Amino acid sequence: MTYLNITEVDSAVTSLATAYPATSELIDLPEPSVEGRAGHALRIGATPAGTHDCAVLIGGVHAREWGSCEILVHFAADLLEAYEAGTGLVYGGTSFTGDQVRKILDELELVVFPLVNPDGRLYSQTVDPMWRKNRDPAQSGGDPDRIGVDINRNYDFLFDFRTAFDPAAAPRVSDDPSDLVYQGPRPFSEPETRNVRWLLDAYPRTRWFIDVHSYSEDMLTVWGDDENQSLDSAQNFLNHVFDHRRGVPGDAYAEYLPKSDADDSKVLAEQFCTGVQGVRGRAYTPMSGFQLYPTCGTSDDYAYSRHRADEHKGKILGFTVEWGDQRGGFHPPWPQMERDVLDVDAGLVQFCVSTLV
Amino acid sequence: MSSTSQPVLRVRVTAQDAETLRALLRDARPDVGGRPRRADDGSCSIEAYATAEQATALEREGVSVTTIENATATGRARQAEVGKGDRFAPADAVPHGLAVKA
Ligand SMILES: [Zn+2]
């Protein structure tokens, strides 16, 4: 085995849809990437679309975090194969019964989009392995060092960081195209980001969203812009009274998260980590996204913020997996990557099982 | 901080306390991997990706920088572990996950 190239990630999704027509369906993403590549996702479920609550899982957003695509392709393949064969799934010391697998496909809908950023992955796998962003040259002025937008800063959540944050907060985002975390000229300026938004709109019963990244062995919950609190609902991302005050740890402002959502997020993140740890003992940490410095424009915060910004939208609990340890960095040797795939896929199946209780 | 020509090093940046690391991240804006780790002695470290020149510029009072590896060289070596062609092109080639189906 080796890492999948971009043709193979897409081909894997298509092959699964062909092999399991009763339990999966190919989703054509509406927009090609900046360089014109079509994207595909896979809907998994034994019932017609929209019958059950839905979990959307995406990966391959940051180009250099190669293994995220493999984690999601294998996750989908495991569930589809086990359902058809009527078996359970064994990931080292974490195992699931055939009934649990059956319940996931019978009572839940999964949408898996393993490669959000094909142009970036191709560039990382063939030219610069450390490439992170997409390959959009629109803001580069012809300078190759100014190509690309960080898709995970391009969502519409506190996008105007100079207004949203305390000047001392130093959010990990930039409006300079040469920066690794360049947010783009406006929210959803990138077709890759718009494809993810389209999935959340097209599957309105989405209640959970997981974005697979690397590395640091964490399972992150909202919020990323500041510490969480459940006591003062006025302290929230929509309230301009708190502009220029967000993002500093230990001060008066903390982002409001209703206690029930905080509790539900925590339980699911813990369940994910329990599933991971059972495989071979890796201890992932469940925690909120804000650690030392804030972020904005990220997918998990955007997914959760949607129902607060627009009451017609459903509530989605947002999560970010940061798979892999410091030893492996962004590019673990493939044999080590296989162990990470087993870990994370066990965590994801455990997450799905836990949404159903 | 992007560079397409010079090799990128993976370095560990260790600051004497969280506030020192926060100030460094704010001022120098290095590319980082993973999240900050706090040690029992109060020191706080994070992995960063920087050219040799950029790594030197991260050093300051209360901060040490140690090189872990040449990340560009490791990444280039790993590019050889990427599939060629399309292993799923044959009509009967279907991806299998890594779990045991039992
Ligand atoms: Zn990432």
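Every number here is computed from the coordinates shown, using simple stated rules; none is lab data. Quick caveat, the model's predicted, so the values are computed rather than measured. Because the Cβ atoms are built from the backbone with ideal geometry, glycine has one as well, and the counts that use them run over all protein chains shown.
How large is ³J(HN,Hα), in whole Hz, for each residue of segment A:306-322 in order, when computed from phi with the Karplus curve 6.51 cos²θ - 1.76 cosθ + 1.60 and θ = phi - 60°, using x for Gly and Pro?
Running phi through 6.51 cos²θ - 1.76 cosθ + 1.60 with θ = phi - 60° gives 3, 6, 7, 7, 9, 5, 7, 8, x, 7, 10, 7, x, 9, 10, 7, 10 Hz.
Each label point is 7 Å from the Cα along the Cα-to-Cβ direction; what then is the distance between the points at residue A:174 and residue A:238, in nm?
3.3
Residues in segment A:308-333 near a label at residue A:47, defined as backbone nitrogen under 20 Å from the 7 Å Cα→Cβ point?
Inside the label zone: A:314-317.
Using alpha-carbon pairs under 8 Å, 6+ residues apart, how would you state the relative contact order of segment A:72-201 in percent? If you can, show how the numbers build up before the last one.
On the way: 155 pairs, mean separation 22.4, N = 130.
The value is 17 percent.
Around residue A:279, under 15 Å between beta carbons, what's the net of Lys plus Arg minus Asp minus Glu among the other residues? Could you put the intermediate results ahead of the total?
Details: positive: A:280, A:282, A:339; negative: A:78, A:217, A:325, A:338, A:340, A:343, A:345.
Net charge in that neighbourhood comes out at -4.
How high is the relative contact order of segment B:9-79, given as a whole-number percent (alpha carbon pairs under 8 Å, six or more residues apart)? Don't jump to the answer; show the numbers that get you there.
Details: 113 pairs, mean separation 33.2, N = 71.
The normalised contact order for segment B:9-79 reaches 47 percent.
In Å, the Kirkwood hydrodynamic radius of chain B over pairs of distinct alpha carbons? All intermediate terms of the calculation are to be shown ahead of the outcome.
Working: mean 1/r = 0.0616 Å⁻¹.
After inverting the pairwise mean of 1/r, the radius is 16.2 Å.
Each label point is 7 Å from the Cα along the Cα-to-Cβ direction; what then is the distance between the points at residue A:245 and residue A:260, in nm?
For the pair residue A:245/residue A:260, the computed spacing is 2.8 nm.
Under 10 Å, Cα contacts only: if you run a Gaussian network model on chain A, which one of A:40, A:244, A:62 comes out with the highest mean-square fluctuation?
The residue that fluctuates most here is A:244.
Quick check on chain A: helices-only [θ] at 222 nm, where DSSP H runs of length 4 and up contribute -39,500 (n - 2.57) each and the sum goes over total residues. Nearest 500, please.
On the way: 9 runs with 123 residues, N = 357.
Calculated from helices alone, the mean residue ellipticity at 222 nm is -11000 deg cm²/dmol.
Quick one: what are the phi-derived ³J(HN,Hα) couplings along segment B:32-41, Karplus 6.51/-1.76/1.60 with θ = phi - 60°, whole Hz, x for glycine and proline?
With coefficients 6.51, -1.76 and 1.60, one gets 10, x, x, 10, x, 10, 9, 9, 4, 7 Hz.
Dipole magnitude of segment A:19-134 about its Cα centre, charges +1 at Lys/Arg Cβ and -1 at Asp/Glu Cβ only, in debye to the nearest 20?
On the way: 8 positive and 16 negative charges, 68 e Å.
Value, rounded to 20: 320 debye.
Using the Cα centre of the protein assembly as shown as origin and beta-carbon charges of +1 (Lys, Arg) and -1 (Asp, Glu), tell me which of A:298, A:173, A:149 is placed farthest towards the positive end of the dipole.
Working it through, the farthest residue towards the positive pole turns out to be A:149.
Once you keep just the Cα pairs under 8 angstrom separated by 6 or more residues, what percentage relative contact order results for segment A:6-355?
Taking the mean separation of contacting Cα pairs over the length of segment A:6-355, I get 21 percent.
What FRET efficiency comes out for residue B:76 versus residue A:140 if R0 is 25 angstrom and r is the Cβ-Cβ distance? Round to the nearest 0.05. Don't skip to the end; give the middle numbers.
Values: r = 24 Å, r/R0 = 0.96.
Once the sixth-power term is evaluated, E becomes 0.55.
Please report, in debye to the nearest 20, how large the charge dipole of the protein assembly as shown is about its Cα centre when each Lys and Arg carries +1 at its beta carbon and each Asp and Glu carries -1 there.
On the way: 44 positive and 69 negative charges, 75 e Å.
Here the protein assembly as shown has a charge dipole of around 360 debye.
As an exercise, use a Förster radius of 25 Å and the Cβ-Cβ distance of residue B:89 and residue A:28 to find the FRET efficiency, rounded to the nearest 0.05.
Values: r = 20 Å, r/R0 = 0.79.
After rounding, the FRET efficiency stands at 0.80.
Summarise the partner chain shielding of A:88-94 as one whole number: the mean count of Cβ atoms from other chains within 10 Å of each residue's Cβ. Please list the in-between numbers first.
On the way: counts 4, 6, 4, 4, 3, 0, 1.
Across A:88-94, the average partner-chain Cβ count within 10 Å equals 3.
Taking N as the number of residues in the protein assembly as shown, what is its alpha-carbon radius of gyration divided by 2.2 N^0.38 Å? It would help to have the intermediate numbers written out before the result.
Working: Rg = 20.9 Å, N = 459, 2.2 N^0.38 = 22.6 Å.
The value comes to 0.92.
Where Lys and Arg each count +1 and Asp and Glu each count -1, what net charge lies around residue A:314 among other residues with Cβ under 15 Å from its Cβ?
Working: positive: A:197, A:205, A:207, A:306, A:308, A:313, A:315; negative: A:53, A:109, A:201, A:261, A:264, A:310, A:311.
Local charge sum for residue A:314: 0.
Tell me, how many Å apart are the Cα centres for segment A:191-223 and for segment B:9-75?
First find each Cα centre; the distance between them is then 29 Å.
Consider a paramagnetic label point 7 Å from the Cα of residue A:126 along Cα→Cβ; state which residues of segment A:8-24 have an amide N under 13 Å from it.
A:8
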